[in-house]
Amino acid sequence: TLGTTPPTPIRNGFCKGPLGELVEFFRAGAASIAKRGRTSPGDKTMLDALLPAVDAMEQACAQTQDVVQVLAAAYQGALDGVEATKNMLSRKGRSKNFREKTLGIPDPGAVSVSLIFKGMYDSVAGQ
């Protein structure tokens, strides 16, 4: 579902070029996931890692055009989002039936998002 929403203009004037396009690619993907999944931040889904990753990527992009640093920030943002899901009640997907039992457990979709960003970072960082 990533990339099925048309790109939107860059939200700030500092993140331009290929990195700005990458930020908008992921932001559009997040919007598409939210729409199709009828979910929003805090529902304990992959969005809870994807949106912090995109926000961190955008902030880093405003500071540097170094793709390694931007993807490192995105990966860290995703990890922060994964950690935050441990304190959320599942409201969507299969785990919604387990509500309180999911406390303390990271959302699997959020973990998968963090692994995507880790793979991207590792690839460009030569790790």
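The values are calculated or read from the model by the stated rules, or taken from the named source; none is laboratory data. All of these numbers come straight from a predicted model, not from anything done at the bench. We place every Cβ from the backbone using ideal geometry, glycine too, and count neighbours over all the protein chains shown. To get the accessible areas, we keep the full protein, side chains included, count just its heavy atoms, and leave off ligands, DNA and RNA. Shrake-Rupley method; radii C 1.70, N 1.55, O 1.52, S 1.80 Å.
The angle separating the long axis of helix 108-125 from the principal Cα axis of greatest extent in the chain is about 20 degrees.
Residues Leu71, Leu79 ordered from highest to lowest accessible area at a 1.4 Å probe: Leu79, Leu71. Considering the range 26-127 at the alpha-carbon level, its Rg and Dmax are found to be 13.8, 43 Å. Surface calculation, 1.4 Å probe, protein heavy atoms: Ser114 sits at approximately 10 Å² accessible. With the whole protein complex present, Lys96 retains an accessible surface near 100 Å², based on a 1.4 Å probe. Applied to the range 80-95, the Karplus parametrisation 6.51 cos²θ - 1.76 cosθ + 1.60 on θ = phi - 60° returns per-residue 3J(HN,Hα) values of 4, x, 4, 4, 5, 5, 4, 9, 9, 8, 5, 10, 9, x, 5, 6 Hz, with x for Gly and Pro.
Please name whichever of Thr102, Val82, Met46 sits farthest to the positive end of the charge dipole of the range 15-109, dipole taken about the Cα centre and charges placed at Cβ: Lys and Arg +1, Asp and Glu -1. After comparing all options, I get Thr102. Met88 contributes about 40 Å² of solvent-accessible surface, heavy atoms of the protein only, 1.4 Å probe. How tilted is helix 17-37 with respect to the longest principal axis of the chain? Cα atoms for both, answer in degrees (0 to 90, nearest 10). Helix 17-37 and the main axis of the chain meet at about 20 degrees. The count of lysine pairs in the range 9-127 whose Cα atoms are under 17 Å apart, excluding pairs fewer than 8 places apart on the same chain, comes to 9.
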